[in-house]
Amino acid sequence: MNPIKVGLLGVGTVGGGTFAVLKRNQAEIARRAGRDIVVSMIADRDLDKAHSLADSNIQVTDDAFAVVTNPDIDIVVELIGGVTIAKDLILKAIENNKHVVTANKALLALHGTEIFAAAREKGVIVAFEAAVAGGIPIIKALREGLTANRIEWIAGIINGTANFILSEMREKGQSFETVLEQAKLLGYAEADPTFDIEGIDAAHKITIMSAIAFGIPVQFDKVYVEGITQLTGDDIRYAEDLGYRIKLLGITKRTDKGIELRVHPTLIPAQRLIANVEGVMNAVVVKGDAVGATLYYGAGAGAEPTGSSVVADLVDVTRMQTADPMHRVPSLAFQPDLLSSTPVISMEEVETAYYLRLRVVDKPGVLADISRILANSDISINAMVQKEPAVDEDNVDIIMLTHLTIEKRINEAIASIEMLPVVTGHVMRIRLEELDNE
Ligand code: HSE
């Protein structure tokens, strides 16, 4: 049988990793796919780099459009990133009846609906395992392995850079700024790390997982996003004293009111397996009604781990390309004409527990005032600690953990607490999730 011909757009970190894995494991991969999968064309602006990978059988160009319109190419692998040229290239590839494999989470989170519709119309596949959690086959697990289940919730550490920063802050007691610089030096964080530390990268990924888990359209505009830039070493230490770790989580949950879709720092009990995922590693917990809680762990970035996911998609597409499109696994796991219109609820409606840190003047009646405000908002206190004042300080930190409440209520309570003259500065509020198997 003729080999499947791949056009590779972009030979940066992931492109290089994909190329290396495909080459090294060629025979093994062919035994699995039933035919050879070969890169026959590479496009990259850095022609020297592309030439350094390619042997004489591979055509090299700096014109990516020449790849997506080439009639000899069966599958286009888009590893350029970004949401402008990459989108044009993918739509052009689809128009030219090519299957597409992409690692582009931002593009799918923002324009997935349009891209999947175009692919459906042409009867081609758009595969994207590498877009979420790098080398962890979480898309495969959600879409196929858990297909018997009604998914209840997903919670994931899906940004390695943010997890590295939080791990180092906790383990070494270093400040956010110090660890961020280290992450840049180690090549984890981008020169502009905004997407990592502000939660945007995680938001792209949880948006995609939410769509697959619940059979809803991808809706990046509905995700609540809060990053880790406001977290202090004090909060990480206080949380630990209470038996919790703080992680940047992407969370999506099915509730009676609709779908929750959110990214924010979260206290989770230290004994949960996911609380012990440290450094740049990723992990995703998926709770299904039949299987219970399942955990997926591994490298969330890097050349060969992400290349592993790209090549898995290449094998999948190779196996499925001759199948009637009706009999393929749908892009978003559910039949496209049966997607649900269940709304994504606003953050104000979300129900969760909270960690509150208040800096207050240490004098009689302060706690009574604060408790009264919480009681008036129907918020129940679960635990409370007052920290020893630092030498020469009149102010003390009070840490409170609340029972479940609605975000709207905690917002109102915090606004009232901040107006008390005895409260200094802003109240620090971090959401808390038990992530138990209930
Ligand atoms: N920048 C991401 C991270 C990897 O730090 O996890 C690619 O999604």
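The values are calculated or read from the model by the stated rules, or taken from the named source; none is laboratory data. Quick caveat, the model's predicted, so the values are computed rather than measured. So basically every Cβ, Gly included, is an ideal-geometry build from the backbone, and we count neighbours across all protein chains shown. We work out accessible area using only protein heavy atoms, side chains counted, and drop any ligands, DNA or RNA first. Shrake-Rupley method; radii C 1.70, N 1.55, O 1.52, S 1.80 Å.
Can you give me the Cα centroid spacing of segment 285-320 and segment 2-30 in angstrom?
Value for the Cα centre distance between the two parts: 17 Å.
Measure nothing fancy, just the Cα-based angle from helix 160-172's long axis to the longest principal axis of the chain, in degrees from 0 to 90, nearest 10.
Rounded to the nearest ten degrees, it is 40.
Jot down the per residue volume, in cubic angstrom and as a whole number, of the convex hull over the alpha-carbon atoms of segment 138-299.
So the per-residue Cα hull volume is 114 Å³.
For Arg32 and Lys363 in the same chain, what is the full-extension length gain: residue separation times 0.36 nm, less their Cα-Cα distance, in nm?
Working it through step by step, the gained length comes to 112.0 nm.
Out of all DSSP beta bridges in the chain, what portion is antiparallel? Express it as a percent rounded to 5.
Roughly 70 percent of the DSSP beta bridges within the chain come out antiparallel.
Using only Cα atoms, tell me the angle between helix 85-95 and the longest principal axis of the chain; keep it within 0 to 90° and round to the nearest 10.
With rounding to tens, the tilt is 50 degrees.
In whole angstrom, note down how far apart the Cα centers of segment 78-97 and segment 237-282 are.
Computed from Cα coordinates, the inter-centre distance equals 34 Å.
Pick from Pro269, Pro421, Pro325: which residue has the top mean-square fluctuation in a GNM of the chain where Cα pairs under 10 Å get a spring?
Among Pro269, Pro421, Pro325, the largest mean-square fluctuation in the Gaussian network model of the chain belongs to Pro421.
Taking only C-alpha pairs under 8 Å that are 6+ residues apart, what is the relative contact order of segment 1-121 in percent?
26 percent
Give me the number: length gained by fully extending Ala66 to Glu351, i.e. 0.36 nm times residue separation minus the C-alpha to C-alpha distance, one decimal in nm.
Result for the pair: 97.5 nm of gain on full extension.
In percent, what relative contact order does segment 138-299 have, based on Cα pairs under 8 Å that are 6 or more apart in sequence?
It rounds to 34 percent for segment 138-299.
Using a 1.4 angstrom probe on heavy atoms only, work out the carbon and sulfur share of the accessible area of the chain in %.
Using a 1.4 Å probe with all protein chains present, the chain comes out at 50 percent carbon and sulfur.
If the elastic network links every pair of Cα atoms under 10 Å, which of Thr194, Thr207, Thr18 fluctuates the most in the Gaussian network model of the chain?
Looking only at Thr194, Thr207, Thr18, the largest GNM fluctuation is found for Thr194.
Specify which residue in the list Gly7, Gly425, Ile228 is farthest towards the positive end of the charge dipole of the chain, using unit charges on the beta carbon of Lys, Arg (+1) and Asp, Glu (-1), about the Cα centre.
Selected residue: Gly7.
With unit charges on the beta carbons (Lys and Arg positive, Asp and Glu negative) and the dipole taken about the Cα centre of segment 66-127, which residue among Val100, Ile73, Phe116 sits farthest to the positive side?
So the residue we want is Phe116.
Mind checking which of Val225, Val315, Val360 has the largest fluctuation in a GNM of the chain, springs on alpha carbons under 10 Å?
Of the options given, Val360 has the highest mean-square fluctuation.
Using alpha carbons only, how many degrees (0 to 90, rounded to 10) separate the axis of helix 176-185 from the longest principal axis of the chain?
Compared with the principal axis, the helix lies near 20 degrees.
Report the Cα-based extents of the chain along its three principal axes, largest first, to the nearest Å.
Taking max minus min along each principal axis of the Cα atoms, the chain gives 82, 46, 34 Å.
Simple spin-label model, 7 Å along Cα-to-Cβ: Asn411 to His327 in nm?
5.1 nm
Along the charge dipole of the chain, pointing to its positive end and built from +1/-1 on Cβ of Lys, Arg, Asp and Glu, which listed residue (Leu242, Ser175, Ala86) has its Cα farthest out?
Most positive-ward Cα: Ala86.
From the cross-link list Lys122/Lys253; Lys98/Lys140; Lys87/Lys184; Lys105/Lys222; Lys87/Lys140, which pairs have alpha carbons spaced over 26 Å apart?
Correct reply: Lys122/Lys253; Lys87/Lys184.
Taking a probe of 1.4 Å, how large is the accessible area per residue of the chain, in Å²?
On a per-residue basis, the chain sits at 43 Å².
Using Cα pairs under 8 angstrom and six or more residues apart, how large is the relative contact order of segment 338-415, in percent?
43 percent
Expected output is a single nm value to one decimal: the length gained when fully extending between Ser56 and Asp241, i.e. 0.36 nm times separation in residues minus the C-alpha distance. What is it?
60.5 nm
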